[in-house]
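Accompanying notes for the structure given below.
We did not get these values from a lab; they are worked out from the coordinates using the rules stated. Source: prediction; values computed, not measured. Backbone-built Cβ (ideal geometry, glycine too); neighbour counts: all protein chains shown.
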Amino acid sequence: MLENIKNKAPGILLSACVALIAIFLSSLLPGDIIGSTVMALLVGMALNPMLNKYKGLNSGVSFTGKMILRAGIVLMGINMNFAEVLSVGKYSLFVMIFTMGTAFGAGNLIGKLFGVNWKLTNLLSVSTAICGGSAVAAVGPVIKAKDQDIAYAISSTFIFDVLTVILIPWIGMALGMSHMGYGLWVGTAVNDTSSVVAAGYAFSDIAGNTAVIVKLTRTLFIIPCVLIFSLINERKEAKLSNIQENSAVNLKKIFPYFIILFLIVVALRSTSIIPAAIVPILSKTSKFCMVMALSAIGLKTSYTDIRNIGLKPMIMGFIIDTLVVFVSIGVQIATGRF
């Protein structure tokens, strides 16, 4: 036990140091233009040669990218409240059905046309459909995606989010959108949480509050996504292993049990069993765990790996994101909620 901890400690410590550097560098930039999670990915990738040189770091870095990531996802539930989600109303869920259907439907169609592997295709889709880097980080390990595919999907999301934070508030004002309508648009069409906050509150406080609640509602869809992709990956691996397609799926083996802990945390937060005083602390801990996990994924990925994937997936990601932006506002116009 002690030997195991000793082997992992250097890599975990390195990931934590990269996370702290990323948080510091991100704080120096105006308007949170590069969030700490994306910055952690970039700094980690810059330090990738160190990991290749000192192999003793690999064990701890891998542990961080898997177990610390799960801890971050579980604690993410502290930011959610079932009552707030319900208060948004059924209409936001109605819009999400269309945006998620667009992200996964168009994403997989374009992925086939572009010849992009199914794992990267769905990482790009889940990033747009659910909640950016957090969703990618949650689904990636479940489908056993390569670290470079995870890094690529998060990078693609970041680039598009920078554009939306700059352009969407101007578009909303030019179109004369209502505060609630704009908040719903941002909450369903913008990916990363920090970008949703930036774009939402740039319009108004009401729009910002609405956008954040809608975004948290989207985040809850991590649960079915992780479960569904666990099953899909199991089926695909079974086919590759020449196991009959109708053979039973071993749910006990593939079930992501950390999702149950996530739901328990949301339930405890919703019922106020968790004292309000410690919510900010747990929220910051969740964020730091996610930044550490993205640092670890970056450390295991080189810029050459990203470059070798090519431009097609990046273009594909931009197309999916753009379609979702138009579908979200289109549904509102069609139903008179604009």
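Brief remarks on what is shown
- Ordered by the count of other Cβ atoms within 10 Å of each Cβ, fewest first, SER204, SER27 give SER27, SER204.
- Rounded to the nearest 10 degrees, the angle from helix 179-189 to the longest Cα principal axis of the chain is 30 degrees.
- For the chain, built as a Gaussian network whose Cα springs stay under 10 Å, the top-fluctuating residue of PHE160, PHE258, PHE104: PHE258
- Largest GNM mean-square fluctuation among LYS287, LYS55, LYS215, using the chain with Cα springs under 10 Å: LYS55.
- Seen against the Cα atoms of the chain and their longest principal axis, helix 222-240 is set at about 50 degrees.
- Rounded to the nearest 20 debye, dipole of the chain from Cβ charges on Lys, Arg, Asp, Glu: 800
- Prolate/oblate/rounded label for the stretch 2-334 (Cα gyration tensor, a/c 1.5): rounded
- Of the residues LEU216, THR335, ASN308, the one whose Cα sits farthest toward the positive end of the charge dipole of the chain, with +1 on the Cβ of Lys and Arg and -1 on the Cβ of Asp and Glu, is ASN308.
- Using a simple spin-label model with pseudo-atoms 7 Å out from Cα toward Cβ, LEU113 and PHE98 lie 2.1 nm apart.
- Cα-based helix-to-principal-axis angle, 36-46 vs the chain, degrees rounded to 10: 40
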